[in-house]
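Since every read-out is calculated from the coordinates, none of them should be taken as a lab result. Here the structure is a predicted model, which means the values were calculated and not measured. Please note: Cβ atoms are built from the backbone with ideal geometry, for glycine as well, and neighbour counts cover all protein chains shown.
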Amino acid sequence: MEALTWTGSMSWLNPVLWLAVGIMAVAYVVQIMLSFIPAAGVRTIGTGGVAAANQGITGLIGKVGAYGFFASLGLVVLYLLAGVVMGTGAGIIGGMSRQFVPVWIALIVTFALSIKFKRKLGLYGKLFDSTVGMIGFALVMFWVFTGILGGVFDLVITHDSLSQVSGMKNKLPGTALARAEPADYQWFLLGGDNLARDVFSRLIKGSWVVIQIAPMATIFAFMVGITLGLPAGYYGGKLDVFLSFLANLILAFPVILIFYLLVTPEIVLTGLPSYMAIVLFVFPLVFLAVLLNSRLYTQPSLRTPVMIVILGVIGWLYLSMISNDGALVKTLTYEIPGLPTFLDLFDIGPGLLVVFVAVVFVNAPTVFRIVRGLALDIKTRDYVAAAQTRGEGPWYIMLWEILPNARGPLIVDFCLRIGYTTILLGTLGFFGLGLESESPDWGTTINAGRRLLSLYPHAAIAPALALLSLVLGLNLLADGLREESLRD
Amino acid sequence: MGIFILRRLGVMLLTALCLTFIVFWLTNLYPNLEKLAKTQGNFRMSDEAVESYLGNRGYLDPTPVKFGRWLGVVPGWVTETEDGKVFGRCFGDGTPEEDRPRFCGVIQGDWGFSTVFKEDVGPTVLTRLGLTGKLMLCVILLMVPSALVVGVLAGMREGSRMDRSLSTFSIATTATPEYVSGVIFIAVLASSRFGLSPLLADWGWIDSKTLFLGSATSAMDDATFWNFFLPVLTISLYGMGYIARMTRASMTEVMTAQYIRTARLKGVKFSDIVLKHALRNALIAPFTVIMLQIPWLLNGVVIVETLFNYKGFGWLLVQAASNNDIELLLAVSVVSVIVVLVTQLISDIGYVFLNPRIRIT
């Protein structure tokens with residue numbers, strides 16, 4: 001098998017693509033230059049009060065830029081479509097595009113359904129009115145589907161992400177597999193890393209690690225932040241002073257120092273992460289219990305069964321989460337017994353647990369401060385006063401009056417914070433903390449690839465670009481949501 | 001104002017004490033001490049040998065006592081071995097009895113001894129801080145002006161093509177952590193086999209093999225554009241986007257204010273409106289953001305110094321933390337906490353001076 005080029009039989013299109021990109025870039029630069037010169041009256045009003053397109057030189061350059069943009073976009077789509085049809089015939093890009101077919105299908109279905117029913121979907125539907133939001137959502141969902149389909153169902157990957165193939169060490173993207181069996185995928189699409197593993201498959205597997213941890217950790221951080229921030233803002237006083245001091249204390253630590261202190265094998269031995277997990281992970285339970293009780297306590301006949309069922313399930317999940325091998329805390333000298341193994345639904349390894357705890361611990365104080373600020377602002381509103389006059393309890397007011405009215409900024413911050421958590425996970429991997437060194441997550445892969453960066457950059461560049469695109473997608477999504485939630 | 005600053009200083013002191021105590025406690029957990037003993041002695045030490053090594057050096061005393069010793073409010077430990085040697089925290093073996101100080105801690109100006117570098121902690125931290133100071137200065141000189149320019153340009157005409165391009169640029173930079181941009185920069189600009197450098201070298205545009213140097217080790221003694229620009233750019237880029245977005249937001253808000261409309265209706269030139277009327281008010285909010293961004297730069301510094309092998313304060317933090325060098329790590333965390341709290345204080349005070357509508361009671 002021959003080595004693949006980037007675009008294969010579609011190479012004749014490359015000059016066209018470069019031309020389109022070049023024209024677009026030049027037009028944009030000229031346009032920005034021109035905007036320093038004040039130009040009056042380039043926008044005329046046509047009949048019926050409709051604004052016509054810009055005229056004159058500015059209008060012309062604007063049009064050229066837009067055409068250049070659409071031409072390049074169209075060409076990129078063409079490469080991907082050719083890839084779906086021709087597979088590796090269309091080069092590395094084509095081969096990857098073919099591998100991503102399940103992801104494309106899932107994306108198209110999601111977008112088609114969402115746009116069709118966007119008027120019935122609330123804030124989520126409104127997202128599809130904003131281009132920026134849609135681009136961000138597409139990027140995020142691309143990695144979510146890649147993570148799920150590739151990481152769980154092994155659909156997208158071409159090789160096993162851990163097996164080493166002799167003769168493929170540090171090979172460039174598109175190298176044909178050495179001594180391939182007919183059943184194997186014949187190429188390393190994005191080359192091999194320094195242990196002769198397939199970079200492309202590790203990239204896909206790594207997305208699953210990120211997609212699993214980042215949103216979960218962010219949710220836990222939000223639960224902690226909300227459960228503590230609402231009373232701090234609502235009651236104020238000594239409680240507020242104390243909790244704010246604690247939050248500022250944690251925020252005054254440089255993040256990397258916290259990671260280096262918490263995420264080490266020695267600290268895992270002391271059992272400290274397990275204690276922190278027991279404390280931090282109980283917050284969702286407390287949150288749900290208070291949420292339901294404050295709403296339903298007037299109807300005990302409904303409240304009691306609902307609470308028992310929901311808290312039972314969540315409590316079971318909580319106990320499964322914090323107990324490992326039948327022990328809550330396990331150190332060299334003592335052991336606190338936990339859920340018996342036959343009841344334990346899933347095990348999180350101690351390495352993963354400590355990463356999770358550290359990320360939640362770092363994020364929670366910031367969420368706390370945001371929620372506290374929002375609560376301070378909202379508690380002066382009239383509807384809160386009305387609820388107080390009705391005689392509602394303080395927790396009802398906090399969770400059913402204040403929290404729903406603070407949801408806009410919180411949802412936006414949630415998206416941004418998932419991105420930030422992804423960056424933090426990458427930082428942990430970059431310093432080789434927490435996850436084991438063969439883990440395919442992006443930070444660890446960048447760390448492994450950076451040693452040979454100036455000779456074989458592909459092994460580090462691929463996960464770096466993936467992380468960049470996911471975080472960029474989350475930021476754009478947050479921007480789109482902010483725009484749309486401000487509109488009404 | 002004076003009382004406000006005093007109160008803030010008190011809170012700062014309390015925070016610093018709590019933080020150092022937490023760091024102290026975490027580094028003094030037994031598995032960490034065991035690792036320390038084994039790296040200092042040898043890796044095949046028996047458990048008893050570890051115990052006696054730690055016991056002789058006062059590591060096994062209760063944590064508050066040890067913390068007091070570090071602070072200098074509790075007398076240092078003194079050990080007399082069976083063969084008659086006497087040594088202690090504050091003096092080495094063979095010091096005459098009358099020269100032995102009882103207290104030696106931070107209050108006495110003694111920051112302890114680094115077990116990794118075999119040097120006193122104080123001077124080590126100061127040299128490294130100097131190197132990082134150089135880096136930070138360059139970063140701030142590059143980051144703040146460019147972020148403000150980008151923000152003001154984007155914010156002066158909301159919704160224009162320039163606004164959209166620059167806003168996209170700032171979002172993209174906030175989505176690029178240092179370890180991603182650093183890796184991309186090294187691959188594209190500082191690799192002799194990939195990216196731009198081979199092309200430029202072929203065309204004869206650059207004399208050296210690469211456009212920039214991928215390692216900043218040589219910049220510690222002699223910083224040039226060639227070996228120092230990439231680390232500076234990498235740190236600045238991540239911080240820049242956020243400041244630029246804040247500046248943009250504040251600029252767009254100012255541009256819709258009544259007095260700007262008045263100025264426009266009077267017929268003032270657009271450039272004069274931006275420079276003379278809008279800019280000063282638009283720069284109040286970014287000032288706070290810039291000050292609060294400095295502690296964040298500290299994270300970037302750690303990553304970039306590791307990536308570019310620049311042996312400054314961030315590199316010191318990594319060395320101290322990964323070797324459990326307790327006293328060095330404490331000094332490092334004290335410095336970083338002071339940086340965080342002082343920048344917060346400056347941002348609060350500066351805000352009051354810049355914005356006469358706010359008063360501190």
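The figures follow:
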{"read-out": "Alpha-carbon centroids, the range B:291-361 and the range A:409-444: separation in whole Å", "value": "21"}
{"read-out": "Excluding exposed DSSP-loop chymotrypsin sites (Phe, Trp or Tyr not before Pro) (at most 14 other C-beta within 10 Å), longest clean stretch of chain B", "value": "B:44-204"}
{"read-out": "The range B:50-111: C-alpha gyration tensor shape, a/c 1.5 cut-off, then a/b vs b/c", "value": "oblate"}
{"read-out": "Summed residue charge, Cβ within 12 Å of A:Asp193's Cβ, Lys/Arg positive, Asp/Glu negative", "value": "+4"}
{"read-out": "Global geometry of the range A:126-226, whether rounded, prolate or oblate, following the gyration tensor of its Cα atoms and the 1.5 cut on a/c", "value": "prolate"}
{"read-out": "Residues of type lysines that A:Lys116 reaches as a straight line, Cα spacing below 23 Å, ignoring anything fewer than 8 places off in the same chain", "value": "A:Lys126"}
{"read-out": "Rounded if a/c under 1.5, otherwise prolate or oblate - the protein assembly as shown, Cα gyration tensor axes", "value": "rounded"}
{"read-out": "Size of the range B:101-158 as Cα extents on the principal axes (Å, biggest first)", "value": "67, 22, 14"}
{"read-out": "Values of log10 I(q)/I(0), in the order q = 0.12, 0.15, 0.29 Å⁻¹, for the range B:164-227 under a Debye, Cα-only, solvent-free model", "value": "-0.41, -0.60, -1.08"}
{"read-out": "Pairwise label distance in nanometres, B:Leu14 with A:Lys169, each label 7 Å out on the Cα-Cβ vector", "value": "5.9"}
{"read-out": "Taking the convex hull of Cα positions in the range A:332-488, its mean projected area over all directions (nm²)", "value": "15.0"}
{"read-out": "Where labels lie 7 Å past Cα in the beta-carbon direction, separation of B:Asn42 and B:Trp226 in nm", "value": "4.7"}
{"read-out": "Intensity falloff of the range A:199-487 expressed as log10 I(q)/I(0), Debye formula with alpha-carbon point scatterers, at q = 0.08 Å⁻¹", "value": "-0.40"}
{"read-out": "Under 14 Å, Cβ to Cβ, from B:Ala249 - net charge with Lys/Arg +1 and Asp/Glu -1", "value": "-2"}
{"read-out": "P(r) of the range B:220-361 over all Cα-Cα pairs, binned every 10 Å from zero, in whole percent", "value": "10, 27, 28, 20, 11, 4, 1"}
{"read-out": "Estimated FRET transfer efficiency (B:Arg261, B:Ile349; beta-carbon r; R0 30 Å; 0.05)", "value": "0.40"}
{"read-out": "C-alpha center-to-center spacing [the range A:113-148, the range B:187-243] in angstrom", "value": "39"}
{"read-out": "Inter-part distance where the range A:284-335 and the range A:465-487 are each reduced to a Cα centre, Å", "value": "33"}
{"read-out": "Partnerless cysteines, meaning none of the other Cys C-beta atoms lie under 4.7 Å away, in chain B", "value": "B:Cys18, B:Cys138"}
{"read-out": "Gaussian network model of chain B, Cα within-10 Å springs - most flexible of B:Ile294, B:Ile206, B:Ile171", "value": "B:Ile206"}
{"read-out": "Check: the protein assembly as shown dipole with +1 on Lys, Arg Cβ and -1 on Asp, Glu Cβ, in debye", "value": "3460"}
{"read-out": "Debye, to nearest 20: dipole size of chain A, +1 on Lys, Arg Cβ, -1 on Asp, Glu Cβ", "value": "1140"}
{"read-out": "Of A:Ile322, A:Thr427, A:Ser485, farthest towards positive along the dipole that unit charges on Lys, Arg, Asp, Glu beta carbons give chain A", "value": "A:Ser485"}
{"read-out": "Calculated P(r) tail over 35 Å for chain A, as whole % of Cα pairs", "value": "47"}
{"read-out": "Vicinal HN-Hα couplings computed from phi for the range A:379-391 (Karplus, 6.51 cos²θ - 1.76 cosθ + 1.60; Hz; Gly/Pro x)", "value": "5, 8, 6, 5, 5, 6, 4, 4, 5, 4, 5, 5, x"}
{"read-out": "Share of alpha-carbon pairs per 10 Å distance bin for chain B, given as whole %", "value": "5, 18, 23, 21, 17, 10, 5, 2, 0, 0"}
{"read-out": "MRE, 222 nm, helices only [DSSP H, n ≥ 4, -39500 (n - 2.57), over chain A, to nearest 500]", "value": "-21500 deg cm²/dmol"}
{"read-out": "Amide hydrogen neighbours beyond the local backbone of A:His159, cut-off 5 Å, H modeled", "value": "A:Ser201"}
{"read-out": "Violating pairs (Cα-Cα greater than 26 angstrom) within the set A:Lys238/A:Lys379; A:Lys238/B:Lys66; B:Lys38/B:Lys118; B:Lys66/B:Lys311; A:Lys171/A:Lys205; B:Lys85/B:Lys118", "value": "A:Lys238/B:Lys66; B:Lys66/B:Lys311"}
{"read-out": "The range A:57-83 residues near the modelled A:Glu2 label - backbone nitrogen below 18 Å, point 7 Å along Cα→Cβ", "value": "A:83"}
{"read-out": "Environment charge of B:Gly76, counting only residues whose C-beta is closer than 12 Å and scoring Lys/Arg +1, Asp/Glu -1", "value": "+4"}
{"read-out": "Student exercise, the range A:199-487 dipole from Lys, Arg, Asp, Glu Cβ charges, in Debye to nearest 20", "value": "460"}
{"read-out": "Most mobile listed residue (B:Asp207, B:Asp83, B:Asp272) in chain B, GNM with C-alpha springs under 10 Å", "value": "B:Asp83"}
{"read-out": "Candidates B:Gly92, B:Gly267, B:Gly241, ranked by Gaussian network fluctuation over chain B, Cα under 10 Å, top entry", "value": "B:Gly267"}
{"read-out": "Leading residue at positive end of dipole, the protein assembly as shown (Cβ point charges), from A:Tyr260, A:Leu399, B:Ile303", "value": "A:Leu399"}
